[in-house]
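Below is one structure, written out as structure tokens; the observations come after it.
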Amino acid sequence: AQSKALSGEKPCTGNLSTYDFIIGTNSYHIDAVCSGGSITTKTQPLPSGISISSTKSTISFKVLGQGTKFIPAGTSAVITLSQTGTTNIQTITVSEGGEIK
């Protein structure tokens, strides 16, 4: 989502505003959001035994490196991937500026 927003690739009609990374229960998808509507550009189910959670269900990356669209401003998102039956956990932080750590 971040790479597509940085590139400004526009798969929908109207002005492109964001690429949204939307977290589901066992999957995620990426939507391009334009003034003419949104279009899903990728849907990815997670492998069996992997779960995902986040402090924000949608992470919106603004186009051309303008950061994210977090509400409230000044916050970040923390995404956690966990493997069932183990202690394996991976945490990813997305800052308001769009940096992914």
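For segment 68-94, the set of residues classified as more than 12 Å from the chain's Cα centre (by Cα), under 20 Å from Ser17 (Cβ atoms) and surrounded by 11 or more Cβ atoms within 10 Å (Cβ to Cβ) consists of Thr75 only. The residue list Ser60, Ser3, Ser76 contains one member that is closer than 17 Å to Ile100 by Cα, in contact with a helix residue (DSSP H, G or I) (Cβ under 9 Å, 6 or more places away or on another chain) and free of Cβ contacts under 8 Å to residues at least 60 places away in the same chain, which is Ser60.
A short reminder: the numbers here are calculations on the coordinates, not readings from a lab. Values in this document were obtained by computation on a predicted structure and should not be read as measured data. Counting neighbours? That spans all protein chains shown, and the Cβs are built from the backbone with ideal geometry, glycine included.
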